[in-house]
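Heads up: the structure comes next, in structure tokens.
The values are calculated or read from the model by the stated rules, or taken from the named source; none is laboratory data. If you're wondering where the values come from, they're calculated on a predicted model, not measured in any experiment. Neighbour counts run over all protein chains shown; Cβ positions are idealised from the backbone, glycine included.
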Amino acid sequence: MAAPAPEPQLRRVCRQAWEPVLARARRAVVFLDAASAEALHWGGGGAGELLAAGALAVRALPAEPEAAAGAARAVFVVSGALRGGTAAAVRGVLGQGAVRHCVLVSGGEAEGGGLAELEETLRRWMGEGGRAEVVPRGPPLLAPVSAELCLLPALAALLPPLPGPGGPGPAEVGPAALPAELRAAVRALVGDLDALFTALGLREESFAVGALSRVIAAELASYAPARNRRRTAVNKASVVFVDRTLDFAGAVGHHGDNLAEKILSVLPKLPGHKTDVMVNMVELTALQTTDETCSIIAPGCLAQPNDPAAKALWESFVNLKQKEAVMEARRHLVEAASRENLPIRMSMGRVTPEQLSSYIQLFRNNLKALENHCGLLQLVLAMVQTLKHPQTSKWDNFLAFERLLLQTIGESEMPSVLNQLLPMIKSYNERTKDDYTCEDFLVLLVYMYSVVGEIRSGKELEAAEEEVKKALVKAICGEPEPSPLLQKITGCDSSLNLTSQKATDAVDDIFQSLRDIARARMHMKQFNSIHNAGSNTHQASYKPLLKQVVEEICNPDRPDPVDIEHMSSGLTDLLKTGFSMFMKVNRPHPGDHPFLIIFMVGGVTVSEVKMVKDLVATRKPGTQVIVLSSALLTPRSAIELLFATDRLQPDTDI
């Protein structure tokens, strides 16, 4: 039986996760942790939905001690289990004594027992006479960023561990070999996926590409609630887990011509959010200021779950080429202005950011028009600000330089490629606006090491790396004030603490990780290269690992996949696999089912989601596909995920 269309179903599931909260929000202060807030922002209708359901206020966790002042009821929404810092934050609010009735809506298993024990703990924190209710959430908190992409914000820090030198092969990595926090993240992910597949009525076959994906797929296949669900569910699906670390070039590369990717990369992040960005709304007001950091006017954003026109325009940004997306933005603006009888003058030819700005100005003094089309105006402003942003012109420089690297890697050894990079590493005082910053160099280095694959070690390579390390340390120490990203990488929050030794240690760790990135595909037989060396007639090119995986899934000949491993969930599957060695038995294949779910473990980019969608549409029409992931990556956020020192720290009590 074919699965129902995934997108409306996913939207329904995203809303469904909020039903227990909306039902209990009346006359209560609602507290959300950061991941829950992000899910509400993209898929639950925003804070307005909670206020419309009767909530007195919506607050962030951890909260100020007096955040619940004057309210006898509180609802806490936490994305995972109640433990560590989250438990301390909830206890801090309840310990003030104002709240007499509290509701906890949580996912995951609570530490130290079931619901009754948890309710008892909450009552103890409130003091005598307090009433507590614990509501296990149904589906997980998802952030539906586009029609084909959903994120699990609670797992934004998840990244497969890199293979150390002489480390175990993928087949030898089991749950027990993982660090405790990563084990907890895998358990949380398996529980969330099972809850999601239950809501969608799926009976899935699990497949894996990469070591951590193998662990996750095996855990999902053997998870008791999932096995029970698969006995009765009717909608067949294939779930393919892919490790991000097998191809980091896809995460840091400046591929193609995608407007959504540029917007997410160059505009500042919305405070407290990992995905959405701040759109400067000053242009729509009478406030005259050129100050970029002016915070009097609340920022706009990209997520517009309640505005169909804005949602349609965002899908255009995600799926169309930049030029087409800009034309689409103009069409939407012109239609909106015409509906409001605004005096718009159409001009043919190329659409410029200035022209779009002039159209936006028409809405400025018309409050009704502003209210009716606020979502649309936020998206067009995001586009205008991105196109005018100095970082956008740098995007094309990156793209050209990455193409040059692909040629050079094919023609020369790694040491000579590093030597060519060396003169471009400049300290703060020597740089012009077009030169690469320290962070830009990290992006290029990750791209190089990921594309080149396993490198032959030797004195020449070590000498070349040492020179690059010295230049990077000098550049990092020469920064007048380290950027937020450099602070996270070096562990120093100001230039006063940033000693040469600390910078050297950080750069040494970075190069160890770079060597590990180059080694990531060494166990692969079929997908061991993402670099086409080129020939006399063809330029060298990058061939994304995800593209190779999807092409293999959609291959009409259905060859037995070499690197896409099927995870058996019981005796029947094991017998099939065993018999297939002697007899003609069809082994499960990821292309067997009408619904395909790709889960990128460690983050995915907008370009990759579009590539998956387009490939499946042309190679296997009729198959529905969605991409799930832990984070939406930009080149900078990928570097942070890879090199930041505090990625998956244990969530201990405060």
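Go through segment 444-459 and give me each residue that's crowded, with 22+ Cβ neighbours inside 10 Å and over 13 Å from residue 417 (Cβ atoms).
446, 450
On the given criteria, is residue 462 at pLDDT 90 or above and surrounded by fewer than 18 Cβ atoms within 10 Å (Cβ to Cβ)? Break it down into steps so the answer makes sense when it comes.
On the way: at pLDDT 90 or above: yes; surrounded by fewer than 18 Cβ atoms within 10 Å (Cβ to Cβ): yes.
Taking the combined requirement at face value, the residue satisfies it.
What do you reckon, is residue 273 outside any helix (DSSP H, G or I), at negative phi, out of contact with any Phe, Trp or Tyr (no Cβ under 8 Å at 6 or more places or on another chain) and crowded, with 18+ Cβ neighbours inside 10 Å? Show your work before the answer.
Details: outside any helix (DSSP H, G or I): yes; at negative phi: yes; out of contact with any Phe, Trp or Tyr (no Cβ under 8 Å at 6 or more places or on another chain): yes; crowded, with 18+ Cβ neighbours inside 10 Å: yes.
Yes.
Among the residues of segment 215-230, write down those that are more than 20 Å from the chain's Cα centre (by Cα) and not polar (S, T, N, Q).
Start the filter on segment 215-230 by keeping residues that are more than 20 Å from the chain's Cα centre (by Cα), which leaves 215, 218-230.
Scanning segment 215-230 gives 215, 218, 219, 220, 221, 223, 224, 225, 226, 227, 229, 230.
Give the residues of segment 297-318 that are touching an Asp or Glu at 6+ places or on another chain (Cβ under 9 Å), polar (S, T, N, Q) and within 22 Å of residue 52 (Cα to Cα), sorted by residue number.
Hit for segment 297-318 is 306, nothing else.
Could you identify the single residue in 338, 416 that is under 28 Å from residue 462 (Cβ atoms), surrounded by fewer than 19 Cβ atoms within 10 Å (Cβ to Cβ) and of a type in the set (S, T, N, Q)? Break it down into steps so the answer makes sense when it comes.
Working: 338 fails: under 28 Å from residue 462 (Cβ atoms).
Every option except 416 fails the conditions.
Which ones in segment 448-486 are free of Cβ contacts under 8 Å to residues at least 40 places away in the same chain and under 30 Å from the mean Cα position of the chain (by Cα)?
Hits for segment 448-486 are 473, 476, 481, 482, 484.
If you check 531, 538, which single one turns out to be in contact with a strand residue (DSSP E or B) (Cβ under 9 Å, 6 or more places away or on another chain), crowded, with 17+ Cβ neighbours inside 10 Å and either in the same structural domain as residue 399 (by TED's automatic domain parsing) or not aromatic (Phe, Trp, Tyr) (or both)? Full working, then the answer.
Working: 538 fails: crowded, with 17+ Cβ neighbours inside 10 Å.
From the options 531, 538, the qualifying one is 531.
Where in segment 363-471 are there helices (runs of 4 or more DSSP H), lying wholly inside it, with at least 1 residues that are on the phi > 0 side of the Ramachandran plot? Let's see the steps before the verdict.
Values: elements: 367-372, 374-388, 390-411, 414-421, 438-452.
Because the criterion is at least 1 residues that are on the phi > 0 side of the Ramachandran plot, no helices (runs of 4 or more DSSP H) in segment 363-471 meet it.
Within segment 303-313, is there a residue that is within 15 Å of the chain's Cα centre (by Cα), assigned to a loop (DSSP other than H, G, I, E, B), crowded, with 19+ Cβ neighbours inside 10 Å and not assigned by TED's automatic domain parsing to the domain that holds residue 568?
Step one: of segment 303-313, the residues within 15 Å of the chain's Cα centre (by Cα) are 303.
This time we only want the ones that are assigned to a loop (DSSP other than H, G, I, E, B), so: 303.
Checking which are crowded, with 19+ Cβ neighbours inside 10 Å leaves us with 303.
Imposing the further condition that a residue be not assigned by TED's automatic domain parsing to the domain that holds residue 568 reduces the set to 303.
So far as segment 303-313 goes, yes, one or more of its residues are within 15 Å of the chain's Cα centre (by Cα), assigned to a loop (DSSP other than H, G, I, E, B), crowded, with 19+ Cβ neighbours inside 10 Å and not assigned by TED's automatic domain parsing to the domain that holds residue 568.
Filtering segment 351-410 down to residues that are free of Cβ contacts under 8 Å to residues at least 24 places away in the same chain and hydrophobic (A, V, I, L, M, F, W, C), which residue is farthest from residue 324 (Cα to Cα)?
Going through the qualifying residues, I end up with 367.
Consider residue 283 against the criteria (1) in a helix (DSSP H, G or I); (2) under 28 Å from residue 404 (Cβ atoms): it satisfies all of them except one. Which criterion is unmet?
Here residue 283 clears every test but (2).
Output the residues belonging to segment 220-234 that are of a type outside the set (Ser, Thr, Tyr), touching an Asp or Glu at 6+ places or on another chain (Cβ under 9 Å) and under 24 Å from residue 601 (Cα atoms).
Our first condition is that a residue be of a type outside the set (Ser, Thr, Tyr); within segment 220-234, this holds for 220-221, 224-231, 233-234.
Right, trim to touching an Asp or Glu at 6+ places or on another chain (Cβ under 9 Å) and you get 220-221, 225-226, 229-230, 233.
Passing the criteria: 220, 221, 225, 226, 229, 230.
Of all residues in segment 419-440, which are under 19 Å from residue 466 (Cβ atoms), surrounded by fewer than 20 Cβ atoms within 10 Å (Cβ to Cβ) and touching a residue at least 12 places away in the same chain (Cβ under 8 Å)?
To start, the set of residues in segment 419-440 that are under 19 Å from residue 466 (Cβ atoms) comprises 419-427, 438.
When the remaining residues are screened for being surrounded by fewer than 20 Cβ atoms within 10 Å (Cβ to Cβ), the result is 419-420, 422-424, 426-427.
If the condition is that a residue be under 19 Å from residue 466 (Cβ atoms), surrounded by fewer than 20 Cβ atoms within 10 Å (Cβ to Cβ) and touching a residue at least 12 places away in the same chain (Cβ under 8 Å), then 419, 420, 422, 424, 426, 427 are the ones that fit.
Which condition number in (1) in contact with a Cys (Cβ under 9 Å, 6 or more places away or on another chain); (2) modelled with pLDDT under 90 is the one that residue 355 fails?
Here residue 355 clears every test but (1).
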